[in-house]
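Presented below is the structure to which this report refers.
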Amino acid sequence: MHAVDCISRFITYGDAKETHIVYDLPEAWWSRHYEYVWAGRFATSSDVVLDVACGVCHPFKFYLGTIAKEVYACDSDPRIVSKNEIIQDIKDSIGEKVYSEFDDSLFDNVQLALCDMTQMPYADNRFDKVYCISVLEHVDELVQLKALLEFSRVLKDDGLIVLTVDYPNVHMDSLMELMKKANLKFYGDYDFSVPDNAISTTMWGPELKCIRLLLCKMV
């Protein structure tokens, strides 16, 4: 883990990018090509990790399974606890080729659960890393706070929370206030000035950019 990776900031076109993480990522997943590479750097072979609101067909949980000692992943979509439903969603959302080539053994090191991210079925201080990739922008600030409190609860005292959010759907001033309420702080430096080369898209309407955040407990 290098110091430059620990800076919370906008993701830029100069950052590392991979178009293949478990499978070829769709172009419509405009930020995942960068998010997964950055977030994956924090997982180690001795870690017990959690991917929160992991998505059904999304591959990051399986990618973590190739790195970490133990991987847990949860989502509020009932399909998340069905191997067949996950594989079907890969076929429907990603395509026949990826579906036909998907390695079922990727499920072996991923323990899946159906739950809301504000009320998860895990013990206190359970995880070395808690991941939540491009999720918090889809919920209001009250749910964001409840989620951050829950992330903090299940995180070990020396663990890390690895987040990404879409901007401006998440306002950093507001999010930093929520972090304080959840007894969380930045791990490393942070800089939320908007660089000229920040990755962006107008694919879904008004322009979106993507911010990466590395948090830890205030202990």
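Summary of values
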read-out: So T164, is it within 22 Å of C6 (Cβ to Cβ), among the β-branched types (V, I, T) and in contact with a Lys or Arg (Cβ under 9 Å, 6 or more places away or on another chain); value: yes
read-out: Subset of region 17-31 (residues that are without any contact (Cβ under 8 Å) to a residue 24 or more places away in the chain and closer than 11 Å to M203 by Cβ); value: E27, W29
read-out: Residue tally, condition among the hydroxyl-bearing types (S, T, Y) and over 17 Å from the mean Cα position of the chain (by Cα), over region 10-22; value: 2
read-out: Candidates S193, S200, S134 - the one that is among the hydroxyl-bearing types (S, T, Y) and on the phi > 0 side of the Ramachandran plot; value: S134
read-out: Tally of residues being assigned to a loop (DSSP other than H, G, I, E, B) and either under 22 Å from E96 (Cβ atoms) or within 11 Å of the chain's Cα centre (by Cα) (or both) across region 24-50; value: 5
read-out: Selection status of V170, of a type outside the set (F, W, Y), in a loop (DSSP other than H, G, I, E, B) and over 18 Å from the mean Cα position of the chain (by Cα); value: no
read-out: Failed item, numbered, when L160 is tested on (1) surrounded by fewer than 14 Cβ atoms within 10 Å (Cβ to Cβ); (2) at pLDDT 95 or above; value: (1)
read-out: Condition met for A16 (modelled with pLDDT under 95 and not hydroxyl-bearing (S, T, Y)); value: no
read-out: Hits in region 174-208 - residues which are outside any helix (DSSP H, G or I) and of a type in the set (A, V, I, L, M, F, W, C); value: A182, L184, F186, F192, V194, A198, I199, M203, W204, L208
read-out: Top-ranked residue in region 76-109 [being within 22 Å of F127 (Cβ to Cβ) and in contact with a strand residue (DSSP E or B) (Cβ under 7 Å, 6 or more places away or on another chain); ranked as surrounded by the fewest Cβ atoms within 10 Å (Cβ to Cβ)]; value: S76
read-out: Residues of region 94-115 classified as within 21 Å of A28 (Cβ to Cβ) and touching a residue at least 60 places away in the same chain (Cβ under 8 Å), total; value: 4
read-out: Residue that is farthest from C132 (Cα to Cα) [pool: residues in region 154-179 that are among the charged types (D, E, K, R) and touching a strand residue (DSSP E or B) at 6+ places or on another chain (Cβ under 7 Å)]; value: D157
read-out: Filter result for I211 (part of a strand (DSSP E or B), in contact with a helix residue (DSSP H, G or I) (Cβ under 6 Å, 6 or more places away or on another chain) and either β-branched (V, I, T) or free of Cβ contacts under 8 Å to residues at least 24 places away in the same chain (or both)); value: no
read-out: Single residue of region 199-219 satisfying the filter (farther than 16 Å from S134 by Cα and aliphatic (A, V, I, L, M)) that is surrounded by the fewest Cβ atoms within 10 Å (Cβ to Cβ); value: V219
read-out: Residue in region 9-18 that is outside any helix (DSSP H, G or I), in contact with a Pro (Cβ under 8 Å, 6 or more places away or on another chain) and aromatic (F, W, Y) present; value: yes
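For every residue, the table says whether it meets (1) over 27 Å from Y167 (Cα atoms); (2) not charged (D, E, K, R).
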{"residue": "C54", "(1), (2)": "no, yes"}
{"residue": "V71", "(1), (2)": "yes, yes"}
{"residue": "S76", "(1), (2)": "no, yes"}
{"residue": "E85", "(1), (2)": "yes, no"}
{"residue": "D104", "(1), (2)": "yes, no"}
{"residue": "Q111", "(1), (2)": "yes, yes"}
{"residue": "V135", "(1), (2)": "no, yes"}
{"residue": "V154", "(1), (2)": "no, yes"}
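The values are calculated or read from the model by the stated rules, or taken from the named source; none is laboratory data. Keep in mind the model is a prediction, meaning the values are calculated, not measured. All Cβ positions, glycine included, derive from the backbone under ideal geometry; neighbour counts span all protein chains shown.
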